[in-house]
1. Compute for the stretch 189-274: radius of gyration divided by Kirkwood radius, i.e. Rg/Rh, restricted to C-alpha atoms, rounded to two decimals.
2. With point charges of +1 on the Cβ of Lys and Arg and -1 on the Cβ of Asp and Glu, referenced to the Cα centre of the stretch 51-136, which listed residue (Ile102, His114, Ala77) lies farthest in the positive direction of the dipole?
3. Under a plain spin-label model, where a point goes 7 Å from the Cα along Cα-to-Cβ, how far apart in nm are Arg49 and Thr311?
4. Any idea how far apart Asp222 and Glu284 come out in nm if each label point goes 7 Å out from Cα toward Cβ?
5. Hey, what do the phi angles of the stretch 41-46 turn into as Karplus ³J(HN,Hα) couplings, whole Hz, using 6.51/-1.76/1.60 and θ = phi - 60°, x for Gly and Pro?
6. With an 8 Å cut-off on Cα pairs and a minimum separation of 6 or more residues, tell me the relative contact order of the chain in percent.
7. How big is the equivalent ellipsoid of the chain along its three axes, where each semi-axis is √(5λ) from the Cα gyration tensor, reported in whole Å from largest to smallest?
8. For the chain, give the percent of accessible area contributed by carbon and sulfur heavy atoms, probe 1.4 Å, rounded to a whole number.
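The values are calculated or read from the model by the stated rules, or taken from the named source; none is laboratory data. This structure is a prediction, so every number in the text was calculated from the model and none was measured. Quick reminder, even Gly has a Cβ in these numbers, built from the backbone with ideal geometry, and neighbours come from all protein chains shown. What goes into the accessible areas is simple: the full protein's heavy atoms, side chains included, and nothing from ligands, DNA or RNA. Shrake-Rupley method; radii C 1.70, N 1.55, O 1.52, S 1.80 Å.
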Amino acid sequence: MRIDTHRHFGGSIPTAFVWETIREKALHWLAESHDDVVAQMTFAEDEPRTFHRFLDKFRILDEITWTPELIAGSIEATCAEFERERLDYVWLDFSINKYMRIGWHKKEAIQFIHDCFEQFYPGRVGLVLSLKYESMQASQRQYAALIEDPDVVDLLFGLDLVGDENHYSKKFYKPIIKDWAAAGKMTRAHVGEYGSAKNVKGAIKSGVTNIAHGIKITDDPDVIKLAKDLGICFDIAPTSNELTGVVTDSEFHPMTNMLFSGLRLTVGSDDPIQCDTTLDKEFEVARSYGVTEEQIEKMMQEAIRMTEQFTKLPAP
């Protein structure tokens, strides 16, 4: 099965849909052409590869005033990309902060998004609620508490901590992760990407099941042992690591050492629009770093096992 275990909704909305929205809503200050949208959302060959430049690629999405019609349209366009890539299942990170201007209750937004994905890609999208490290902690607690709502719990595949990992706090996130784990959900933190192996250790000690990226773990053998002992799975996205500037050697990626160390890995596309990638391309990038066909097959099987741990996969 073809499973993308690391993909963000905002990074999956096609540039053509964004341009059509700008044109129809007369948002001319955002862009003057589709080429302009592409230039804002993707990397040029000579563009600096840095984490903050990568984050800039999402700014145009934050400037759009999202309505239920636009949300549904963006989901339909995104699901068309899933179909084009022939994905059997997608772990899809999403946040709802920008949709609160509509006047919805939080759970109304989640229900609407869930129902749209069920309409356009039924049974094949696991929604992963994102909490942004930089957001006010009171707000994060309120979003995380949605797992206690019986109308919400069955709509979500898991929880993911995203953004600037320098804001990671074991003390703050541990009780949140505990509550989501008790509900049988996947729990993940974006750490060890440009931060240190200490962040990976902190996230593991907080009780996560998965780490997004986590490539700095190779700097600390003790953390590698800890991750292996607890069966932590690392959801890697090599092209994203190149574009954020955390991997600069064109012939080496830490995933090769992670595999050699016996860690559990899966591969995802992260933000396929900004990265100009697909799941197939990510496996090709992995091969270019020396990952073997046997290791790729193992990572694909790991994606199946991890998905089955948190949901029932659709029939092939």
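1. Result for the stretch 189-274 is an Rg/Rh of 0.94.
2. Result: Ile102.
3. Taking the simple label geometry, Arg49 and Thr311 are separated by 3.1 nm.
4. Placing both labels 7 Å beyond Cα along the Cβ direction yields 4.3 nm.
5. Residue by residue, the stretch 41-46 yields 9, 10, 9, 7, 4, 9 Hz.
6. 21 percent
7. They are 28, 24, 19 Å, listed largest first.
8. The value for the chain is 49 percent carbon and sulfur by accessible area.
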